[in-house]
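Here is the structure we will look at, set down as structure tokens.
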Amino acid sequence: MESPFSELNGLKLSTRHIKIWFTAGMGFFTDAYDLFVIGAVLDVFSKSAIPGFSLSTKILGMPASGFIGASALFAAAIGPLVFGLIADHYGRKFVYGIEAVMLALGALLSALSPNLYWLIAFRFLLGIGVGGDYPVSATIMSEYANVKDRGKLVALVFADQGLGSVTAVVTAILCVLTLPSSLSWRVMLALGAIPALSVIYLRRKIPETPRYSLLVKRDANGAQLAAKTLGSKILKSDIAAKSLSLPQFVKKYGVTLLATAGTWFLVDMALYGTGIFSGPIVSSIIPINSSLDLKLQLSRLILEAGVPFFVGFFGYFTSVALMDRLGRKVIQLQGFLAMAALYATISFVMITKGTKVTGFSVPLELALMLYALTFFFIDFGPNTTTFVIPSEVFPVSARTTGHGISAAAGKFGAALSVFLFPSLLSSIGLKQVLLLLALVSVLGALLTLPLKEPKLVDLESASQEELEVDQTSK
């Protein structure tokens, strides 16, 4: 059956695609900004006596830092499920922009928190918005994209995380150098609202995607309107997607869902644990001179903790450049395998006494670079591809749900890792934690193998979509 989206699929990359990228990408800028900045906030709390925000506080017998770091992530495991289901049932446009409002509101309220309990609660709200952004933004970009550049465009949405993390490093350093500790962390968190606020209007104005309009809503006029925003048109208006029952979906897409959700769960365990606690990890490699002024100690700690994020920045855009050349599966496999090799190597050269790192059998600068390279291969690897693949391999009627379940699994893995990381560092030490992450990475590579490669085929073929003539259109 001739595809009604043939002209849309064959478009050249244009500024209209870039506008959709910008509209979708700012949520991920905020996500990465928040990932790094909460680590910097924890650094401020650890070095400063701020009333109501002592990290020596125990919550349910666990360190408060784990709750602060993980609260947004546990919520981010809920957001994709809720927003993904709504976007498949009512449409992408119906819900788009609401998650950006939650991002902005959560960031502002977090900055105003009177104590760490309120901070945990407000970050939970922010996390709902972070999680909700994943399935909707990814799907909107994939359903508007042309075939040749689809992987690149969806990866580019996600690559805004790289920009967000670098911005967060610079912002955090400027804040701790120019503001008192009691204020610096509040400014860091409040600034996270700006990128989300910048796209709320654009998100509410974007038309429903042409594929959802035609194949699910069976709204030919709406599909033509959406295609027109890209200077294209729908070629046939009497086509619809065959509906799938839950048993039919599980039979056809169950293995794919297990692979997309499982690999996202595993990569986020590595990324968010080492990301949020990058400061303590880096300081165990290159200790901070305690005789330095507090502001200099904090800025040095944030800068060194930010080195892996600067290296990871190049990983995001390497993925963008090669996504439609190498393919999603190759990039994901090599990323997981490189992560496993690097984690194991760092652990091997680490000298410990009990759980404490006492040195390395290689120069410290080399040890730090090996650790930073894990972020490059996370981003030039499964951190990007686990976002791209679920936006392509599920049918249009369940695309945001499939992506949402996958993203929820990832954020649950992230939350679990961040929640347990402080306890693991103190109980088994960094050396054993890195060996665990090496094993996690090997499992991720194995779970990648069942996935089909969706590069350079139209979205309906990549998702094995079954189309039929819409009898109601006659």
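Criterion first (assigned to a helix (DSSP H, G or I) and either surrounded by fewer than 24 Cβ atoms within 10 Å (Cβ to Cβ) or of a type in the set (Gly, Ala, Ser) (or both)) does Phe377 satisfy it?
Numbers: assigned to a helix (DSSP H, G or I): yes; either surrounded by fewer than 24 Cβ atoms within 10 Å (Cβ to Cβ) or of a type in the set (Gly, Ala, Ser) (or both): no.
No.
Can you list the helices (runs of 4 or more DSSP H) lying wholly within region 75-187 that have 3 or more residues being touching a Phe, Trp or Tyr at 6+ places or on another chain (Cβ under 8 Å)?
Numbers: elements: 79-90, 92-95, 98-111, 116-144, 150-178.
Hits in region 75-187: 79-90, 98-111, 116-144, 150-178.
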Which residue pairs have Cβ atoms closer than 7 Å, lie 6 or more positions apart in sequence or on different chains, and pair a first residue in region 451-470 that is within 17 Å of Thr139 (Cα to Cα) with a second residue that is in a loop (DSSP other than H, G, I, E, B) and of a type in the set (Ser, Thr, Tyr)? Asp458/Ser3; Glu460/Ser3
Tell me which residues, restricted to region 192-234, are more than 27 Å from the chain's Cα centre (by Cα), surrounded by 24 or more Cβ atoms within 10 Å (Cβ to Cβ) and not in a helix (DSSP H, G or I). Ile234
Candidate set from region 129-147 (those that are closer than 12 Å to Leu459 by Cα and either surrounded by fewer than 24 Cβ atoms within 10 Å (Cβ to Cβ) or not hydrophobic (A, V, I, L, M, F, W, C) (or both)); member that is nearest to the chain's Cα centre (by Cα): Thr139
Out of everything in region 338-374 that is among the β-branched types (Val, Ile, Thr) and not in a helix (DSSP H, G or I), what residue ends up being nearest to Leu424 (Cα to Cα)? Thr355
Give the residues of region 235-245 that are surrounded by 15 or more Cβ atoms within 10 Å (Cβ to Cβ) and in a loop (DSSP other than H, G, I, E, B), sorted by residue number. Lys236, Ser237, Asp238, Leu244
If we scan region 1-14, do we find a residue that is among the acidic types (Asp, Glu) and in contact with a helix residue (DSSP H, G or I) (Cβ under 7 Å, 6 or more places away or on another chain)? no
Would you check which residues across region 357-374 are surrounded by 12 or more Cβ atoms within 10 Å (Cβ to Cβ) and not aliphatic (A, V, I, L, M) and list them? Gly359, Phe360, Tyr371, Thr374
Given (1) in a helix (DSSP H, G or I); (2) more than 16 Å from the chain's Cα centre (by Cα); (3) charged (D, E, K, R), Lys12 misses just (1)
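Can you report the number of residues in region 48-72 which are in a strand (DSSP E or B) and either buried (at least 17 other Cβ atoms within 10 Å of the Cβ) or at pLDDT 85 or above (or both)? Walk me through how you get there before you give the answer.
Restricting attention to region 48-72, the residues satisfying the condition of being in a strand (DSSP E or B) are 58-59, 62-63.
This time we only want the ones that are either buried (at least 17 other Cβ atoms within 10 Å of the Cβ) or at pLDDT 85 or above (or both), so: 63.
Of the residues in that region, 1 qualify.
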If the requirement is being over 14 Å from Leu271 (Cβ atoms), in a helix (DSSP H, G or I), in contact with a Ser or Thr (Cβ under 6 Å, 6 or more places away or on another chain) and at pLDDT below 85, which of these qualifies: Pro422, Pro390? Pro422
Quick one: how many residues across region 148-183 are surrounded by fewer than 24 Cβ atoms within 10 Å (Cβ to Cβ), more than 18 Å from the chain's Cα centre (by Cα) and either aliphatic (A, V, I, L, M) or more than 23 Å from Thr23 (Cα to Cα) (or both)? 10
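The values are calculated or read from the model by the stated rules, or taken from the named source; none is laboratory data. Given the structure is predicted, the values throughout are model-derived calculations rather than measurements. Here the Cβ is made from the backbone with ideal geometry for all residues, glycine too, and neighbour counts use every protein chain on show.
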